[in-house]
1. Which members of the stretch 29-48 meet the condition of being free of Cβ contacts under 8 Å to residues at least 24 places away in the same chain and buried (at least 17 other Cβ atoms within 10 Å of the Cβ)?
2. Looking at the stretch 116-138, is at least one residue closer than 16 Å to residue 40 by Cβ and part of a strand (DSSP E or B)?
3. Hey, could you check the stretch 16-28 for residues that are in contact (Cβ under 8 Å) with a residue 12 or more places away in the chain and in a helix (DSSP H, G or I) and say which is surrounded by the most Cβ atoms within 10 Å (Cβ to Cβ)?
4. Residue 52 fails exactly one of the following numbered conditions: (1) more than 20 Å from residue 9 (Cα to Cα); (2) surrounded by fewer than 13 Cβ atoms within 10 Å (Cβ to Cβ). What is the number of that condition?
5. Taking only the stretch 47-84 into account, find how many residues are farther than 15 Å from residue 123 by Cβ and either touching a helix residue (DSSP H, G or I) at 6+ places or on another chain (Cβ under 6 Å) or at pLDDT 95 or above (or both).
6. Considering each of 13, 98 in turn, give the residue that is in contact with a strand residue (DSSP E or B) (Cβ under 6 Å, 6 or more places away or on another chain), surrounded by 17 or more Cβ atoms within 10 Å (Cβ to Cβ) and not in a loop (DSSP other than H, G, I, E, B).
7. Give me a count of the residues in the stretch 39-83 that are under 11 Å from residue 97 (Cβ atoms) and in a helix (DSSP H, G or I).
8. Among the listed residues 76, 118, 68, 83, which satisfies the condition of being under 13 Å from the mean Cα position of the chain (by Cα) and either surrounded by fewer than 17 Cβ atoms within 10 Å (Cβ to Cβ) or touching a residue at least 60 places away in the same chain (Cβ under 8 Å) (or both)?
């Protein structure tokens with residue numbers, strides 16, 4: 001395994017339906033975001049399995065997306081996610097959308113997501129069990145031995 005690259009896990013498979021496409025004939029941005037949101041939920045189900053503490057959630061605070069190859073109606077895609085960093089109150093993660101079969105990376109997003117108290121409406125500390133689970137799944141970034149995001 002290349003230690004410089006974070007380990008990825010599959011977090012979804014989708015079909016690009018014609019009604020997901022914009023007037024230019026390619027996957028519309030709103031559907032990229034829906035694909036990525038679903039992938040995040042699957043990723044967190046691996047890192048923080050249910051049951052989750054009541055009234056705690058996650059809030060995306062940053063997305064940096066690169067659109068690398070067009071997706072059109074009929075394309076089948078596989079989403080793969082990796083953990084880039086665990087901070088005190090947030091995680092940074094990456095998801096790639098790849099064409100099934102050839103593996104072409106069509107989009108890549110790097111996201112920062114904070115642990116969130118749904119009642120207090122504020123960020124809270126990420127539970128230590130999440131880092132322990134990431135380590136057990138071999139998802140912790142190789143070079144990061146301490147938190148590297150806020």
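1. 31, 44
2. Yes - at least one qualifying residue is present in the stretch 116-138.
3. Among residues in the stretch 16-28 that are in contact (Cβ under 8 Å) with a residue 12 or more places away in the chain and in a helix (DSSP H, G or I), the one surrounded by the most Cβ atoms within 10 Å (Cβ to Cβ) is 20.
4. All conditions pass for residue 52, except number (2).
5. 24
6. Residue meeting the stated conditions: 98.
7. 1
8. 83
The values are calculated or read from the model by the stated rules, or taken from the named source; none is laboratory data. Treat the numbers as computed from the prediction; the structure is a model and nothing was measured. As a convention, Cβ positions derive from the backbone with ideal geometry for all residues, glycine included, and neighbour counts pool all protein chains shown.
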